[in-house]
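Notes follow once the structure below has been shown.
The numbers here are math on the coordinates, done by the rules we state, and not lab data. Remember, predicted model here, so these are calculated numbers, not experimental data. Here Cβ is always computed from backbone atoms with ideal geometry, including for glycine, and neighbour counts include all displayed protein chains.
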Amino acid sequence: MYNSGRAMTLVIALLVLAGCTAQGGGPDALDAVYRKAIDAAAVRRPDYVKLLKPIDTSRPEVTVVHIQPYSKFDTNHAIWVTQPDELRAFCRDRPDTLLAMQQALGLPPEKRNDVRVFTFRVRPADLFRPCASSPDIASTQCSLDVPAHPVGMLDLFVLKQMMDSYRSGFKGTGYPFTAMGWSYDWNPDSRTHQGVSEYVLKPGAHVSNFDSVVDPETFCRSEQPAPALMADSTHH
């Protein structure tokens, strides 16, 4: 009885330890999970054709969010965005809201105190979907087929993203980029690993208003945009 009880205790301890390592383990454990996600996202599977959240192109403006670890917002470069409610669903009630966001967005795990979530409004015409088959933001899925005719900026953007993402052993880490319109959620507890629907704000796009600039915890627990924390933001 003693030995069997001890064995059961050991099994339970190992299961608990495994769960802690997967979700909130040390940096090495998280990095290992993240690196595996880069490989998984790069290999296409039939079930990678997933339903996406579209953008209503009939509206004059739509609200999007972007996270970054610096206060100056520069629209001279392409900016990755998603819709607020979709991102918030991944981080609400999570103990580590920043890690939950990083997992849902396919970003590397970094412990930082300076990350801010920008919520702002843009014109639908200034957005495109980083999908290899089509940049259409109103579509509900991307296909596994590459278009017969080049789409110009989209082809170059997606190709560069692939080259920058599908890498290991370099000084700069890669990214689990799907090129299917959705981010790869590298949370090991995720059943499908489908994160948020992805969009990109075109360089030089006009940002009409910042609804909020807040820390991850404030964003994740809020229903409505909170007052901005910072005014050190530039937009055109």
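Percent relative contact order of the range 19-136, based on C-alpha pairs within less than 8 angstrom and at least six residues apart?
Details: 94 pairs, mean separation 36.9, N = 118.
About 31 percent, as a whole number.
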When the Cα centres of the range 68-103 and the range 112-159 are compared, how far apart do they sit, in Å?
16
Surpassing 29 Å at the alpha-carbon level, of the pairs K50/K111; K50/K72; K53/K171; K72/K171; K50/K160, are K50/K111; K50/K72; K53/K171
Which value, in debye to the nearest 20, gives the size of the charge dipole of the range 2-221 about its Cα centre, when Lys and Arg are +1 and Asp and Glu are -1 at the Cβ?
240
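Using a Förster distance of 22 angstrom, determine the FRET efficiency expected from the C-beta separation of S190 and A138, and round it to 0.05. Each step should come with its number before you reach the end.
Values: r = 26 Å, r/R0 = 1.20.
After rounding to 0.05, the efficiency reads 0.25.
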Can you put T75, T119 in order, fewest other beta carbons within 10 Å first?
T75, T119
Express the relative contact order of the range 171-213 as a whole percentage, based on alpha carbon pairs under 8 Å and six or more residues apart in sequence.
26
Using a cut-off of 18 Å between alpha-carbon atoms, which aspartates and glutamates can reach K202, once sequence neighbours fewer than 8 places away in the same chain are excluded?
D56, E61, D74, D126, D136, D155
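Grab the Cα-Cα distance for D96 and D39, subtract it from 0.36 nm times how many residues apart they are, and report the gain in nm with one decimal.
Values: separation 57, 0.36 × 57 = 20.52 nm, distance 2.48 nm.
Separation in residues times 0.36 nm, less the Cα-Cα distance, equals 18.0 nm.
From the Cα gyration tensor of the range 2-221, with a ≥ b ≥ c the square roots of its eigenvalues, which class applies: rounded if a/c is under 1.5, or else prolate if a/b is larger than b/c, or else oblate?
Details: a/c = 2.09, a/b = 1.56, b/c = 1.34.
In terms of gyration-tensor shape, prolate.
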